[in-house]
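The values are calculated or read from the model by the stated rules, or taken from the named source; none is laboratory data. Being a predicted model, the structure only gives us computed values, none of them experimental. Please note: Cβ atoms are built from the backbone with ideal geometry, for glycine as well, and neighbour counts cover all protein chains shown. Just so you know, the surface numbers come from the protein's heavy atoms only, side chains and all, with ligands and any DNA or RNA stripped out. Shrake-Rupley method; radii C 1.70, N 1.55, O 1.52, S 1.80 Å.
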Amino acid sequence: MKDLLRIKSLISADIELLLNQQVKKEALSSSIYLAMASWCNRNGYDFSSEYFFKQADEERHHQLKFYKYILDMGGNAVSPEVTGIKQEYNSFREVFEEALDQEISVTNAIKNIYARCMKEQDFVTMEFLNWFLKEQREEEYKARRALELFEVIGEEGTGRWQIDKHVGQIKYDSEA
Ligand SMILES: [Fe+2]
Ligand SMILES: [Fe+2]
């Protein structure tokens, strides 16, 4: 009957660990964006607040995608503890600088998992990660675009008000 037993896991222990770390990273992103949504709302930047609420939702979705994949592959998905979320920011601009930093760090983490998969020839996980690589292209684009507004519009006078309005219009519509 041995042949009928399910193989415990289709991913290696190392990949499983990296994927669980990514679950935590996405949960962290979600919480960071939620804090940013609150800060922007409290400081009168309504469009940016909306933008970060939406980002927080997306990160939660990413977290669940990784979480369910680990389970689908017979692994142990671990519900992450997320602590130490920064609630206050020194400036409107700082919020967007840290948002971009967070996205770059997520891209690097995903590339790191991808590299490990290549080494192990884990093609199935590589294929799963392709969606995230593409998603990061969009995420980094939007974060960079938001930060560029501070240069293009400038913060003087009604600048921040204008920047906030434009943040609400950021779109990524590159093909494929
Ligand atoms: Fe994400
Ligand atoms: Fe993101």
Residue pairs qualifying under the 8 Å Cβ cut-off, at least six apart or on distinct chains, with the first in region 84-98 being under 13 Å from S31 (Cα atoms) and the second being of a type in the set (G, A, S) and open to solvent by less than 80 Å² (accessible area, probe 1.4 Å), are I85/S31; I85/A35; K86/A35; Q87/A35; Q87/S38
Per the filter on region 149-174, residues closer than 22 Å to E58 by Cα and more than 16 Å from ligand 1 (Cβ to nearest atom) are D164, K165, H166, V167, G168, Q169, I170, K171, D173, S174
Checking the condition within 14 Å of L19 (Cα to Cα) and assigned to a loop (DSSP other than H, G, I, E, B), which residue from N90, N76 passes? N76
May I ask you to verify whether L10 is within 16 Å of ligand 2 (Cβ to nearest atom) and farther than 16 Å from E135 by Cβ? no
Test T107 against the criterion of being farther than 14 Å from Y33 by Cβ and within 15 Å of ligand 2 (Cβ to nearest atom), and give yes or no. yes
Tell me which residues, restricted to region 59-100, are buried (at least 16 other Cβ atoms within 10 Å of the Cβ) and among the small types (G, A, S). G75, A77, A99
Flag if E140 is buried (at least 17 other Cβ atoms within 10 Å of the Cβ) and in contact with a helix residue (DSSP H, G or I) (Cβ under 8 Å, 6 or more places away or on another chain): no
Do we have any residue at all in region 1-9 that's crowded, with 20+ Cβ neighbours inside 10 Å and not in a loop (DSSP other than H, G, I, E, B)? no
Neighbours by Cβ (under 8 Å, 6+ apart or cross-chain): first from region 116-131, open to solvent by less than 100 Å² (accessible area, probe 1.4 Å); second among the polar types (S, T, N, Q): C117/T125; E120/S12; D122/S12
Within the set of pairs 6 or more residues apart or between chains, which connect a residue that is within 12 Å of ligand 2 (Cβ to nearest atom) and of a type in the set (D, E) inside region 24-35 to a residue that is open to solvent by 30 Å² or more (accessible area, probe 1.4 Å) and in a helix (DSSP H, G or I) with Cβ atoms less than 9 Å apart? E26/R60; E26/H61; E26/L64; E26/K65; E26/Y67
How many residues, within region 101-115, are open to solvent by 40 Å² or more (accessible area, probe 1.4 Å), hydrophobic (A, V, I, L, M, F, W, C) and closer than 18 Å to E59 by Cα? 1
